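Heads up: the structure comes next, in C-alpha cells.
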Amino acid sequence: MDLLNAMLLMGIIIGIVSGFFLAWWFARKGPPPEPFFLRFLRVENRSARLDTRQMLHELHRKVEDISFQVKRVDLELQELRLEGARKQEQVPETLEGLERCREVFRLSEKGLSPDNIAQDLKMARGEVDLVLSLDKKPSWVIGSKYGFK
C-alpha cells in the first residue's frame, strides 16, 4: 500500500507540474483564434471572390451588348453614307466594296461558312476572312479604309 500511495502522489505531482508547464506554454504562445471567427473569415473571402466573378461576368456581358450596338449603328451609318452618295449620283468604287462587305456580314450572320460565302459572292476565301476579321475592329478603322472620316 505504501508503494501505491507513493505512485499516486508522484502522479499528482507530475500532473501539476505538466499542467503549469502547459499553461505557461499556451500563455506565451497566445490564445488560439476562435473557430467562429475563422469560419467567418473563410465565408467572407469566398463571397468576395464570388462577387468579383459576378461583377466581371456582368461587365463582360455589358461590353458585348455595347459592341453589338456599336456594330449596328456603324452599319446604319454606312448605309446612310451610301444612300447619300447614291443621291448625288457619285458612287465611288470603294462603296461597291462596302456593299460586298455588308453582304459578307449578312451571309455570315445567316450561318454560312467562309468557304460558302466566298463561293456565293465569287470572292477569294482570304478576302472573306479579312472582311469577317474587320467585324472585330472599331468603326473608324473600317471607315478609313473606305475613305470615310
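The values are calculated or read from the model by the stated rules, or taken from the named source; none is laboratory data. Not measured: the values here are computed from a predicted model. As a convention, Cβ positions derive from the backbone with ideal geometry for all residues, glycine included, and neighbour counts pool all protein chains shown.
Pairs are defined by a Cβ separation below 6 Å, a sequence spacing of at least 6 or placement on different chains, a first member in segment 87-108 that is at pLDDT 70 or above, and a second member that is hydroxyl-bearing (Ser, Thr, Tyr) and outside any helix (DSSP H, G or I); the pairs so defined are LEU98/TYR146. Of the residues making up segment 42-55, not a single one is modelled with pLDDT of 85 or more and either loosely packed, with under 10 Cβ neighbours inside 10 Å or among the charged types (D, E, K, R) (or both).
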